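Below is one structure, written out as structure tokens, with a few remarks after it.
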Amino acid sequence: MKSPEKVIDHIVTWLNDYAENANMGGFVVGVSGGIDSALTSTLCAKTGRPVICLEMEIHQEANQVSRAKNHIAWLEQNFSNVKHHSLSLTGVFDAFKATLPPTDDSEMNFLSLANTRARLRMSTLYYFAALHRYLVAGTGNKVEDFGVGFYTKYGDGGVDLSPIADLMKSEVFALAKTLGINEEIQNAAPTDGLWGDDRTDEDQLGATYNELEWAMRNVDTDPSTFDERQQKVMEIYLAFNRQNKHKMDPIPVCEIPTELL
């Protein structure tokens with residue numbers, strides 16, 4: 001990245017322009033304790049517009065909660081336009097789960113419940129956004145949003161605008177370092193926090209973000225030039241990219257022929 005400072009200024013200007021044109025007052029951001037939400041919330045804070053940070057615990061690992069709260073405290077110390085709410089959605093999630101018919105302990109059942117957590121958080125974000133006429137700022141990066149589709153449809157993928165979705169993960173880290181975001185967040189292993197345990201994104205994906213970033217940049221490269229690990233990483237990347245197209249492509253519309261109408 002040639003100039004992190006100029007990229008930061010560009011995103012902050014873009015956020016302000018979008019809010020101005022949309023006639024919306026500020027931003028709502030879900031803060032998880034990870035690098036992406038920390039960067040997004042900081043960029044929103046730098047606009048000078050009101051920002052509400054929501055920390056929304058659902059059977060969360062203690063270190064994820066503490067990182068989120070420490071980051072929010074850092075924001076509030078440095079930006080007078082930032083406020084926050086720490087909400088426990090564990091009871092809501094458990095009550096919802098209790099209303100469902102019994103199922104087995106299959107991986108698909110666990111995945112469905114994990115995605116439900118993201119969708120409960122999305123609903124909470126939009127409650128506050130509607131209450132204040134604010135915009136929900138997405139926290140997905142380019143590898144997640146346009147490479148492997150590593151997000152929940154209508155969960156963390158349900159947002160009004162995406163300020164960092166054109167940044168690779170390495171570029172997210174570069175901006176976070178420039179902005180002085182807490183080192184505990186910069187050094188933490190990325191995790192989506194949807195499982196109630198300490199599994200990382202790498203555990204779920206089978207590759208690091210640096211590897212997936214390499215695959216995204218080299219998807220059109222002759223595979224005969226790859227070493228054994230690179231071939232495996234490319235297979236992982238392409239498999240996720242194919243299976244998650246339904247998230248990344250526009251919703252298909254059944255177009256009716258004119259002569260039928």
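Each value in this text was obtained by applying a stated rule to the coordinates, not by laboratory testing. Bear in mind that the values here come from a model prediction, so they are computed numbers and not experimental data. All Cβ positions, glycine included, derive from the backbone under ideal geometry; neighbour counts span all protein chains shown.
Using a ≥ b ≥ c from the Cα gyration tensor of the range 63-152 (square roots of the eigenvalues), is it rounded, prolate or oblate, where a/c under 1.5 gives rounded and otherwise the larger of a/b and b/c decides, a/b for prolate? Judged from the Cα gyration tensor, the range 63-152 comes out prolate (a/c at least 1.5, a/b above b/c).
Among rounded, prolate and oblate, which fits the range 130-261 when a ≥ b ≥ c are the square roots of the eigenvalues of its C-alpha gyration tensor, a/c under 1.5 means rounded, and a/b larger than b/c means prolate? Mind showing how you got there, number by number?
Details: a/c = 1.99, a/b = 1.14, b/c = 1.74.
Oblate, since a/c reaches 1.5 and b/c is not below a/b.
Under the classification rounded if a/c is under 1.5, otherwise prolate if a/b is larger than b/c and oblate if not, where does the range 120-179 fall, given a ≥ b ≥ c as square roots of the Cα gyration tensor eigenvalues? Because a/c hits 1.5 or more and a/b fails to exceed b/c, the range 120-179 counts as oblate. Express the relative contact order of the range 1-138 as a whole percentage, based on alpha carbon pairs under 8 Å and six or more residues apart in sequence. This gives 29 percent for the range 1-138.
Considering the chain as a Gaussian network with a 10 Å cut-off on Cα pairs, which listed residue, 95, 114, 130, attains the greatest mean-square fluctuation? It is 95.
Can you give me the Kirkwood hydrodynamic radius for the range 107-146, using every pair of distinct Cα atoms, in Å to one decimal? Each step should come with its number before you reach the end.
Values: mean 1/r = 0.0845 Å⁻¹.
Final number for the Kirkwood radius of the range 107-146 is 11.8 Å.
Do the sum for the chain: with -39,500 (n - 2.57) for every DSSP H run of n ≥ 4, divided by all residues, what is the mean residue ellipticity at 222 nm, to the nearest 500 deg cm²/dmol? Could the numbers behind the result be given before it?
Details: 11 runs with 132 residues, N = 261.
Here the helix-only value at 222 nm equals -15500 deg cm²/dmol.
With viscosity 1.306 mPa s and temperature 10 °C, the Kirkwood radius over alpha carbon pairs of the range 17-68 converts through Stokes-Einstein to a diffusion coefficient of 133 µm²/s. Relative contact order for the chain: what percent, with Cα pairs under 8 Å and sequence separation of 6 or more? Over the chain, the number comes to 21 percent. Taking amide hydrogens as placed 1.01 Å from N in the peptide plane, the amide H of residue 206 sits under 5 Å from that of no residue at least 5 positions away in sequence or on another chain. Bridging of residue 46 to lysines at a Cα separation below 16 Å is possible for 6, 83, 177, once same-chain residues fewer than 8 apart are set aside. Counting neighbouring Cβ atoms within 10 Å and putting the fewest first, the residues 229, 199 line up as 229, 199. The charge dipole of the chain, taken about its Cα centre with unit charges on the Cβ of Lys, Arg, Asp and Glu (plus for the first two, minus for the last two), comes to roughly 780 debye. The radius of gyration of the Cα set in the chain, together with its Dmax, comes out at 19.2, 63 angstrom. Footprinting exposure proxy ranking of 53, 44, 254, fewest other C-beta atoms within 10 angstrom first, gives 254, 53, 44.
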